[in-house]
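None of the figures in this text is laboratory data; all of them are computed from the coordinates on show. All of these numbers come straight from a predicted model, not from anything done at the bench. Methodologically, a virtual Cβ is constructed for each residue, glycine included, from the backbone with ideal geometry; neighbour enumeration extends over all protein chains shown.
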Amino acid sequence: MSLGLTKSQMAAIYDHGERAYPHECCGLLLGRFEPEDRKTLVETWAVENNWEGSGEFGLDDGQTSQRRFMISPDDYRQGERHARSKGLEIIGTYHSHPDHPAIPSEFDRNNAWPVYSYMIVSVEQGKAKVLTSWTLDDDRQFQNEAFFQAKEV
Amino acid sequence: MTVKVLIPGPLRRYTANLESLELEGSSISEILADLTGRYGDLKKHLYNEDGKLRNFVNVYVNDEDIRDLNQQETSVQASDVISIVPSIAGGSSCA
Ligand SMILES: [Zn+2]
């Protein structure tokens with residue numbers, strides 16, 4: 001799998017991570033599935049981190065929004081409606097790791113959906129550092145997903 | 001009895017790209033069993049190692065979360081529409 005995105009889309013993810021610091025930010029990646037397991041990102045869709053409401057959905061594990069995020073089913077559906085109105089699909093999600101490397105945690109893996117890209121940006125002392133992307137394989141293990149810079153449209 | 005079930009985007013790869021299916025059953029557990037019986041590769045994404053429905057998998061009967069009904073024993077009627085809707089969660093360090 002590989003993911004194409006533009007420099008300004010990357011900047012939007014960095015910015016969101018820095019704005020949310022020291023909490024985790026989160027959002028949906030809207031775009032298109034292309035042939036040969038490629039994806040194209042068209043729009044980043046920022047979502048408010050709803051971790052405080054995670055108990056209602058059985059996800060709360062006692063951590064705070066500095067270490068966790070949740071996109072609720074309602075927020076997911078809202079993002080999906082917006083995507084569809086533009087002829088796009090949800091192709092993945094992004095979140096930040098405040099003062100933590102951009103490597104998926106066991107909690108990320110246990111909660112991951114297949115097919116989707118999971119982009120992670122590390123934010124150190126309020127400054128966005130490293131952006132990575134991952135997808136689940138058939139054994140539900142995360143594999144690094146290559147991403148490449150697409151031309152601005 | 002068959003009931004209409006809406007499949008979320010990330011699982012359609014496992015259902016021949018179908019967005020909705022007519023599945024057999026009179027309760028959510030029977031319907032999900034029919035789903036994973038037809039599309040076996042879905043099972044590990046819907047259920048954890050202990051055979052429990054994963055927390056980030058939300059099942060609605062029309063607009064009601066089955067957590068507010070009778071969980072997987074919630075009974076359904078032919079006129080109901082079942083939706084499987086993702087929550088997306090994650091984080092950084094382990095607890
Ligand atoms: Zn994470």
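Key figures for this structure:
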item	result
Failed criterion for A:Glu152 (all others in (1) more than 8 Å from every other protein chain (Cβ to nearest Cβ); (2) loosely packed, with under 14 Cβ neighbours inside 10 Å; (3) within 16 Å of the ligand (Cβ to nearest atom); (4) more than 30 Å from B:Asn17 (Cβ to Cβ) hold)	(3)
Residue ID - surrounded by the fewest Cβ atoms within 10 Å (Cβ to Cβ), chosen from residues in the stretch A:60-102 that are aliphatic (A, V, I, L, M) and away from the ligand (no atom under 13 Å from the Cβ)	A:Leu88
A:Leu136 being surrounded by 15 or more Cβ atoms within 10 Å (Cβ to Cβ), more than 14 Å from the ligand (Cβ to nearest atom) and not β-branched (Val, Ile, Thr)	no
Filtered residue count, the stretch A:106-153, keeping only those that are outside any strand (DSSP E or B) and within 22 Å of B:Asn58 (Cβ to Cβ)	12
Every pair of residues 6+ apart whose Cβ atoms lie under 7 Å, when the first sits in the stretch A:112-133 and is more than 10 Å from chain B (Cβ to nearest Cβ) and among the aromatic types (Phe, Trp, Tyr) while the second is part of a loop (DSSP other than H, G, I, E, B) and away from the ligand (no atom under 12 Å from the Cβ)	none
When residues of the stretch A:103-118 are limited to those that are buried (at least 20 other Cβ atoms within 10 Å of the Cβ) and near the ligand (Cβ under 10 Å from one of its atoms), the one nearest to A:Ala46 (Cα to Cα)	A:Tyr118
Exclusive hit being away from chain A (no Cβ under 14 Å), of a type in the set (A, V, I, L, M, F, W, C) and over 13 Å from B:Ile82 (Cβ atoms), set B:Leu18, B:Leu42	B:Leu18
Residue count, the stretch B:45-94 (criterion: more than 9 Å from chain A (Cβ to nearest Cβ) and part of a helix (DSSP H, G or I))	6
